[in-house]
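> Quick one: the structure is below, questions incoming.
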Amino acid sequence: MDGQGLLWSASRGPVLRYDPATGVGTCVDVRDSYGMGIDTNGFIWVSTWEPNSIIKVSPAGVAEPGFPKPTNDGLGEDEDRGVAITPADNHVWVAKSQAHAVVRLDNDGNLLKAIPVGNGPTGVAVDVNGKVWVTNQGSDNAMRIDPHGGNDGLGAVDLTVDLGSGASPYNYSDMTGIVAIGTTSQQGTWSVVQDTGISGLGWGTIAWNTEPQGNEPPGTEIVVEARMADMEAGLGGESFQAISNGTRFTLGGRFIGLRVTLKRTAEGASPVLSDLRIQLDTPTPTPAPTATPAATPVPTPTPAVTGPGAMTQTAIYLLIALVAAAAIALAVILARRARRR
(Lines give C-alpha, C1' and ligand atoms only; values in the text may rest on other atoms or scores of the structure.)
Protein backbone atom coordinates (compact mmCIF):
# COMPACT_ATOMS: atom_id res chain seq x y z
CA MET A 1 0.00 0.00 0.00
CA ASP A 2 1.35 3.42 -0.92
CA GLY A 3 1.07 6.79 0.80
CA GLN A 4 -2.23 7.52 -0.98
CA GLY A 5 -3.83 4.36 0.41
CA LEU A 6 -3.68 2.57 -2.94
CA LEU A 7 -3.05 -1.18 -2.97
CA TRP A 8 -0.44 -2.65 -5.31
CA SER A 9 0.05 -6.36 -5.94
CA ALA A 10 2.46 -8.42 -8.06
CA SER A 11 1.06 -11.60 -9.62
CA ARG A 12 3.79 -13.25 -11.72
CA GLY A 13 1.94 -11.40 -14.45
CA PRO A 14 0.49 -7.86 -14.58
CA VAL A 15 0.66 -5.54 -11.54
CA LEU A 16 -2.66 -4.71 -9.88
CA ARG A 17 -3.37 -1.15 -8.76
CA TYR A 18 -6.50 -0.95 -6.59
CA ASP A 19 -8.18 2.04 -4.95
CA PRO A 20 -10.18 0.90 -1.87
CA ALA A 21 -11.97 4.27 -1.72
CA THR A 22 -13.56 3.88 -5.14
CA GLY A 23 -13.37 0.12 -5.59
CA VAL A 24 -11.66 0.65 -8.97
CA GLY A 25 -8.75 -1.58 -9.94
CA THR A 26 -6.48 -1.38 -12.97
CA CYS A 27 -3.66 -3.56 -14.28
CA VAL A 28 -0.21 -2.37 -15.26
CA ASP A 29 1.27 -4.38 -18.11
CA VAL A 30 4.29 -6.09 -16.56
CA ARG A 31 5.67 -9.46 -17.56
CA ASP A 32 6.23 -11.94 -14.73
CA SER A 33 6.10 -9.40 -11.87
CA TYR A 34 7.53 -10.62 -8.57
CA GLY A 35 8.97 -8.27 -5.91
CA MET A 36 7.79 -4.72 -5.21
CA GLY A 37 9.12 -1.65 -3.41
CA ILE A 38 8.16 2.01 -3.11
CA ASP A 39 10.46 5.04 -3.03
CA THR A 40 9.94 8.28 -1.14
CA ASN A 41 8.44 9.93 -4.22
CA GLY A 42 5.67 7.34 -4.42
CA PHE A 43 7.03 5.41 -7.42
CA ILE A 44 6.53 1.65 -7.40
CA TRP A 45 9.50 -0.53 -8.37
CA VAL A 46 8.74 -4.00 -9.69
CA SER A 47 11.20 -6.85 -10.25
CA THR A 48 10.54 -9.55 -12.83
CA TRP A 49 11.33 -13.23 -12.39
CA GLU A 50 12.45 -14.31 -15.85
CA PRO A 51 13.15 -11.12 -17.78
CA ASN A 52 15.58 -10.13 -14.97
CA SER A 53 14.54 -6.52 -15.24
CA ILE A 54 13.23 -3.67 -13.14
CA ILE A 55 10.22 -1.47 -13.91
CA LYS A 56 9.48 1.95 -12.41
CA VAL A 57 5.75 2.71 -12.24
CA SER A 58 4.28 6.13 -11.49
CA PRO A 59 1.69 6.57 -8.69
CA ALA A 60 -0.90 6.89 -11.48
CA GLY A 61 -0.07 3.36 -12.65
CA VAL A 62 1.98 4.14 -15.76
CA ALA A 63 5.42 2.66 -16.48
CA GLU A 64 8.08 5.36 -16.71
CA PRO A 65 9.74 5.92 -20.10
CA GLY A 66 12.85 3.79 -20.65
CA PHE A 67 11.60 0.94 -18.47
CA PRO A 68 11.92 -2.00 -18.04
CA LYS A 69 15.69 -1.99 -17.58
CA PRO A 70 17.90 -5.10 -17.23
CA THR A 71 19.42 -5.89 -13.83
CA ASN A 72 21.67 -8.81 -14.73
CA ASP A 73 24.51 -7.10 -16.63
CA GLY A 74 25.97 -10.44 -17.63
CA LEU A 75 25.04 -12.26 -14.41
CA GLY A 76 22.85 -14.73 -16.34
CA GLU A 77 19.36 -15.96 -15.47
CA ASP A 78 19.10 -14.50 -12.03
CA GLU A 79 15.46 -14.94 -10.95
CA ASP A 80 14.91 -11.48 -9.46
CA ARG A 81 12.82 -11.49 -6.28
CA GLY A 82 12.71 -9.06 -3.36
CA VAL A 83 12.96 -5.29 -3.82
CA ALA A 84 13.79 -2.59 -1.26
CA ILE A 85 14.57 1.13 -1.49
CA THR A 86 16.91 3.00 0.86
CA PRO A 87 15.10 6.24 1.79
CA ALA A 88 18.32 8.23 2.14
CA ASP A 89 19.09 8.08 -1.60
CA ASN A 90 16.11 6.28 -3.20
CA HIS A 91 18.46 3.60 -4.47
CA VAL A 92 16.87 0.27 -5.40
CA TRP A 93 18.12 -3.07 -4.05
CA VAL A 94 17.10 -6.34 -5.73
CA ALA A 95 17.70 -9.92 -4.55
CA LYS A 96 18.90 -12.18 -7.39
CA SER A 97 18.35 -15.78 -6.32
CA GLN A 98 20.34 -17.62 -8.98
CA ALA A 99 23.21 -15.13 -9.04
CA HIS A 100 23.49 -15.26 -5.19
CA ALA A 101 23.80 -11.51 -5.15
CA VAL A 102 22.00 -8.28 -4.33
CA VAL A 103 22.25 -5.56 -6.96
CA ARG A 104 22.15 -1.85 -6.23
CA LEU A 105 20.50 0.47 -8.74
CA ASP A 106 20.18 4.24 -8.76
CA ASN A 107 16.76 5.90 -8.98
CA ASP A 108 16.95 5.84 -12.76
CA GLY A 109 17.37 2.07 -12.74
CA ASN A 110 21.07 2.05 -13.61
CA LEU A 111 23.18 -0.76 -12.13
CA LEU A 112 25.71 0.52 -9.58
CA LYS A 113 27.01 -2.70 -8.04
CA ALA A 114 26.34 -6.43 -7.59
CA ILE A 115 27.12 -7.47 -3.99
CA PRO A 116 27.79 -11.20 -3.32
CA VAL A 117 25.65 -12.63 -0.51
CA GLY A 118 24.55 -16.10 0.63
CA ASN A 119 22.97 -18.88 -1.35
CA GLY A 120 19.60 -18.17 -2.94
CA PRO A 121 18.68 -14.70 -1.61
CA THR A 122 14.94 -14.07 -1.61
CA GLY A 123 14.04 -10.96 0.39
CA VAL A 124 15.62 -7.57 1.02
CA ALA A 125 14.56 -4.87 3.45
CA VAL A 126 15.95 -1.69 5.02
CA ASP A 127 16.30 -1.19 8.77
CA VAL A 128 15.94 1.98 10.82
CA ASN A 129 19.65 2.72 10.45
CA GLY A 130 19.46 2.61 6.67
CA LYS A 131 21.24 -0.74 6.33
CA VAL A 132 19.99 -3.41 3.95
CA TRP A 133 19.12 -6.92 5.12
CA VAL A 134 18.88 -9.94 2.84
CA THR A 135 17.57 -13.41 3.68
CA ASN A 136 19.31 -16.35 2.01
CA GLN A 137 17.03 -19.35 1.61
CA GLY A 138 19.75 -21.74 0.48
CA SER A 139 22.30 -20.96 3.20
CA ASP A 140 19.89 -20.61 6.16
CA ASN A 141 21.08 -17.17 7.15
CA ALA A 142 20.48 -13.45 6.96
CA MET A 143 23.08 -10.85 6.00
CA ARG A 144 23.33 -7.14 6.60
CA ILE A 145 24.76 -4.84 3.95
CA ASP A 146 26.32 -1.51 4.80
CA PRO A 147 25.37 0.78 1.88
CA HIS A 148 28.63 2.67 2.40
CA GLY A 149 30.79 -0.42 2.80
CA GLY A 150 33.43 -1.82 0.45
CA ASN A 151 36.39 -0.14 -1.15
CA ASP A 152 34.09 1.64 -3.59
CA GLY A 153 31.67 2.81 -0.88
CA LEU A 154 28.75 1.21 -2.73
CA GLY A 155 27.99 -1.55 -0.26
CA ALA A 156 29.34 -4.70 1.34
CA VAL A 157 28.15 -7.34 3.83
CA ASP A 158 29.14 -6.38 7.38
CA LEU A 159 27.18 -8.97 9.40
CA THR A 160 25.95 -12.55 8.95
CA VAL A 161 23.31 -14.09 11.22
CA ASP A 162 22.97 -17.88 11.21
CA LEU A 163 19.32 -18.92 11.41
CA GLY A 164 19.93 -22.61 11.97
CA SER A 165 19.86 -25.67 9.76
CA GLY A 166 16.66 -25.97 7.73
CA ALA A 167 15.50 -22.42 8.41
CA SER A 168 15.24 -21.71 4.68
CA PRO A 169 14.06 -18.09 5.09
CA TYR A 170 11.70 -17.29 2.24
CA ASN A 171 10.39 -13.77 2.32
CA TYR A 172 10.52 -10.86 -0.05
CA SER A 173 8.14 -8.39 1.56
CA ASP A 174 8.70 -5.46 3.93
CA MET A 175 10.16 -7.64 6.68
CA THR A 176 11.54 -4.71 8.73
CA GLY A 177 8.41 -2.58 8.43
CA ILE A 178 10.31 0.38 6.96
CA VAL A 179 7.79 0.79 4.13
CA ALA A 180 4.79 0.74 6.43
CA ILE A 181 6.42 3.18 8.83
CA GLY A 182 8.23 5.41 6.38
CA THR A 183 6.10 5.47 3.25
CA THR A 184 2.66 3.94 3.62
CA SER A 185 1.74 5.41 6.98
CA GLN A 186 2.63 8.98 7.90
CA GLN A 187 1.36 8.62 11.43
CA GLY A 188 1.60 6.49 14.53
CA THR A 189 -0.46 6.13 17.71
CA TRP A 190 0.15 5.60 21.42
CA SER A 191 -2.61 4.48 23.78
CA VAL A 192 -2.91 4.15 27.55
CA VAL A 193 -5.63 3.49 30.17
CA GLN A 194 -5.57 4.99 33.66
CA ASP A 195 -7.64 3.92 36.68
CA THR A 196 -8.48 6.51 39.33
CA GLY A 197 -10.22 4.10 41.64
CA ILE A 198 -13.17 6.50 41.99
CA SER A 199 -16.38 5.85 40.07
CA GLY A 200 -18.02 8.84 38.41
CA LEU A 201 -14.89 10.93 38.73
CA GLY A 202 -14.82 14.09 36.61
CA TRP A 203 -11.71 14.95 34.65
CA GLY A 204 -10.80 18.52 33.91
CA THR A 205 -7.91 19.15 31.50
CA ILE A 206 -5.18 17.38 29.57
CA ALA A 207 -2.02 19.25 28.66
CA TRP A 208 1.00 18.07 26.70
CA ASN A 209 4.45 19.22 25.66
CA THR A 210 4.84 21.41 28.71
CA GLU A 211 8.53 20.46 28.73
CA PRO A 212 11.09 22.00 26.36
CA GLN A 213 11.81 18.62 24.75
CA GLY A 214 8.35 18.60 23.15
CA ASN A 215 8.22 19.73 19.56
CA GLU A 216 5.60 20.08 16.84
CA PRO A 217 7.33 21.25 13.63
CA PRO A 218 5.28 23.01 10.92
CA GLY A 219 3.11 20.54 9.04
CA THR A 220 3.16 17.96 11.83
CA GLU A 221 0.40 17.37 14.32
CA ILE A 222 -0.27 15.77 17.70
CA VAL A 223 -3.89 14.68 18.18
CA VAL A 224 -5.05 13.69 21.67
CA GLU A 225 -8.36 11.89 22.19
CA ALA A 226 -10.02 10.55 25.34
CA ARG A 227 -12.93 8.41 26.42
CA MET A 228 -14.16 7.45 29.89
CA ALA A 229 -16.25 4.81 31.62
CA ASP A 230 -16.77 3.53 35.15
CA MET A 231 -15.74 0.01 34.04
CA GLU A 232 -12.57 -0.67 32.05
CA ALA A 233 -14.48 -3.12 29.86
CA GLY A 234 -16.92 -0.33 29.06
CA LEU A 235 -14.29 1.85 27.40
CA GLY A 236 -14.65 -0.06 24.14
CA GLY A 237 -18.26 1.04 23.87
CA GLU A 238 -17.39 4.72 24.23
CA SER A 239 -16.30 6.97 21.37
CA PHE A 240 -13.05 8.91 21.53
CA GLN A 241 -13.43 12.69 21.79
CA ALA A 242 -10.77 15.10 20.57
CA ILE A 243 -9.12 17.06 23.38
CA SER A 244 -7.61 20.54 23.05
CA ASN A 245 -4.31 21.18 24.78
CA GLY A 246 -4.98 22.60 28.25
CA THR A 247 -8.69 23.12 27.58
CA ARG A 248 -11.35 21.78 29.94
CA PHE A 249 -13.39 18.77 28.84
CA THR A 250 -16.56 17.28 30.30
CA LEU A 251 -16.09 13.50 30.27
CA GLY A 252 -16.53 11.51 33.47
CA GLY A 253 -15.85 8.03 34.83
CA ARG A 254 -13.42 5.93 36.83
CA PHE A 255 -11.31 4.82 33.83
CA ILE A 256 -9.90 7.11 31.18
CA GLY A 257 -8.55 5.84 27.87
CA LEU A 258 -6.20 8.08 25.92
CA ARG A 259 -5.16 7.81 22.28
CA VAL A 260 -2.40 10.03 20.97
CA THR A 261 -1.77 10.23 17.21
CA LEU A 262 1.48 11.71 15.93
CA LYS A 263 1.38 12.84 12.31
CA ARG A 264 4.50 13.65 10.35
CA THR A 265 5.08 15.36 7.01
CA ALA A 266 5.76 13.60 3.72
CA GLU A 267 9.30 14.97 3.96
CA GLY A 268 9.83 13.07 7.21
CA ALA A 269 9.53 15.81 9.85
CA SER A 270 8.03 14.26 12.99
CA PRO A 271 6.47 15.74 16.13
CA VAL A 272 7.86 14.87 19.56
CA LEU A 273 5.56 14.18 22.53
CA SER A 274 7.63 14.86 25.64
CA ASP A 275 4.96 14.67 28.33
CA LEU A 276 1.21 14.43 28.85
CA ARG A 277 -0.47 15.60 32.05
CA ILE A 278 -4.00 14.95 33.28
CA GLN A 279 -5.57 17.40 35.75
CA LEU A 280 -8.45 15.83 37.64
CA ASP A 281 -11.63 17.43 38.80
CA THR A 282 -11.67 15.73 42.18
CA PRO A 283 -15.15 15.52 43.67
CA THR A 284 -15.95 17.89 46.53
CA PRO A 285 -16.58 15.73 49.57
CA THR A 286 -20.11 15.97 50.96
CA PRO A 287 -19.88 16.94 54.62
CA ALA A 288 -21.27 14.33 56.99
CA PRO A 289 -24.44 15.50 58.74
CA THR A 290 -23.74 16.90 62.23
CA ALA A 291 -25.79 15.09 64.85
CA THR A 292 -27.64 17.37 67.27
CA PRO A 293 -26.83 16.13 70.76
CA ALA A 294 -29.84 14.97 72.70
CA ALA A 295 -30.87 17.37 75.48
CA THR A 296 -29.99 16.13 78.95
CA PRO A 297 -33.18 16.15 81.00
CA VAL A 298 -32.98 18.41 84.00
CA PRO A 299 -34.82 16.96 87.01
CA THR A 300 -37.77 19.08 87.99
CA PRO A 301 -37.83 19.71 91.76
CA THR A 302 -41.02 18.77 93.51
CA PRO A 303 -42.52 22.03 94.72
CA ALA A 304 -43.32 22.37 98.39
CA VAL A 305 -47.01 22.27 99.27
CA THR A 306 -48.17 25.74 100.28
CA GLY A 307 -51.43 27.49 101.04
CA PRO A 308 -54.15 27.11 103.64
CA GLY A 309 -54.29 23.73 105.42
CA ALA A 310 -50.83 22.80 104.19
CA MET A 311 -48.29 21.45 106.71
CA THR A 312 -44.56 21.74 106.61
CA GLN A 313 -42.42 18.71 107.32
CA THR A 314 -41.29 20.26 110.64
CA ALA A 315 -44.92 20.73 111.85
CA ILE A 316 -45.64 17.11 111.13
CA TYR A 317 -42.66 16.00 113.25
CA LEU A 318 -43.84 18.29 116.12
CA LEU A 319 -47.35 16.86 116.03
CA ILE A 320 -46.00 13.32 116.26
CA ALA A 321 -43.90 14.29 119.29
CA LEU A 322 -46.92 15.84 121.06
CA VAL A 323 -49.02 12.72 120.46
CA ALA A 324 -46.28 10.56 121.91
CA ALA A 325 -45.96 12.75 125.01
CA ALA A 326 -49.71 12.65 125.59
CA ALA A 327 -49.69 8.89 125.35
CA ILE A 328 -46.92 8.65 127.94
CA ALA A 329 -48.78 10.99 130.31
CA LEU A 330 -52.00 8.96 130.00
CA ALA A 331 -50.10 5.79 130.79
CA VAL A 332 -48.69 7.34 133.99
CA ILE A 333 -52.16 8.43 135.18
CA LEU A 334 -53.61 4.99 134.63
CA ALA A 335 -50.75 3.38 136.54
CA ARG A 336 -51.33 5.58 139.68
CA ARG A 337 -55.04 4.80 139.75
CA ALA A 338 -54.27 1.11 139.70
CA ARG A 339 -52.06 1.33 142.78
CA ARG A 340 -54.78 3.10 144.82
CA ARG A 341 -57.20 0.34 144.35
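> I need the shape label for region 85-140. Rule: rounded when a/c is under 1.5, else prolate if a/b > b/c, else oblate, with a, b, c from the alpha carbon gyration tensor.
Since a/c reaches 1.5 but b/c is at least a/b, the shape of region 85-140 is classed as oblate.
> Tell me whether region 129-251 comes out rounded, prolate or oblate; compute the Cα gyration tensor, take square roots of the eigenvalues as a ≥ b ≥ c, and use a/c under 1.5 as the rounded threshold.
Verdict is prolate for region 129-251.
> Hey, another quick one. Can you give the accessible area per residue of region 188-255, in Å², using a 1.4 Å probe?
Dividing the accessible area of region 188-255 by its residue count gives 57 Å².
> Please report, to one decimal in angstroms, the Kirkwood hydrodynamic radius of region 17-113 built from all distinct Cα-Cα pairs.
One decimal place: 13.5 Å for the Kirkwood radius.
> Per residue, what volume in Å³ does the Cα convex hull of region 55-169 take up?
Looking at region 55-169, the number lands at 108 Å³ per residue.
> 7 Å from Cα along Cα→Cβ at both residue 16 and residue 192: what's the point-to-point distance in nm?
4.2 nm
> Right, something else. Enter the accessible area per residue of region 1-50 (Å², integer; probe 1.4 Å; all protein chains in place).
Value for region 1-50: 49 Å² per residue.
> Which of rounded, prolate or oblate describes region 1-53 when judged by the alpha-carbon gyration tensor and an a/c cut-off of 1.5?
oblate
> Hey, another quick one. What distance in nm separates the simple spin-label points at residue 98 and residue 205, each placed 7 Å from Cα in the Cβ direction?
Distance between label points: 7.0 nm.
> Determine which lysines satisfy two conditions relative to residue 96: a Cα distance under 29 Å, and not lying fewer than 8 residues away in the same chain.
56, 69, 113, 131
> Right, something else. What distance in nm lies between label points placed 7 Å from Cα along the C-beta direction at residue 230 and residue 171?
With each label placed 7 Å out from Cα toward Cβ, I get 4.7 nm.
> Can I ask one more? Evaluate E = 1/(1 + (r/R0)^6) for residue 163 and residue 108, where r is the Cβ-Cβ distance and R0 equals 35 Å; express this FRET efficiency to the nearest 0.05.
Numbers: r = 35 Å, r/R0 = 0.99.
The formula returns an efficiency of 0.50 here.
> Apply 1/(1 + (r/R0)^6) to the Cβ-Cβ distance of residue 144 and residue 41, taking R0 = 35 Å, and write down the FRET efficiency to the nearest 0.05.
The value I calculate is 0.85.
> Of all the accessible heavy-atom surface of region 9-126, with the other protein chains kept in place and a 1.4 Å probe, what percent is carbon and sulfur?
It is 50 percent, rounded to a whole number.
> Sketch the reach of a paramagnetic label on residue 4 as a point 7 Å from Cα along Cα-to-Cβ, and name the residues of region 40-59 whose backbone nitrogen lies under 19 Å away.
Only 40-46, 55-59 pass the distance filter.
The values are calculated or read from the model by the stated rules, or taken from the named source; none is laboratory data. Just so it is clear, the model here is predicted, and its values are computed rather than measured. All Cβ positions, even for glycine, are placed from backbone atoms using ideal geometry, and neighbour counts span all protein chains on display. Just so you know, the surface numbers come from the protein's heavy atoms only, side chains and all, with ligands and any DNA or RNA stripped out. Shrake-Rupley method; radii C 1.70, N 1.55, O 1.52, S 1.80 Å.
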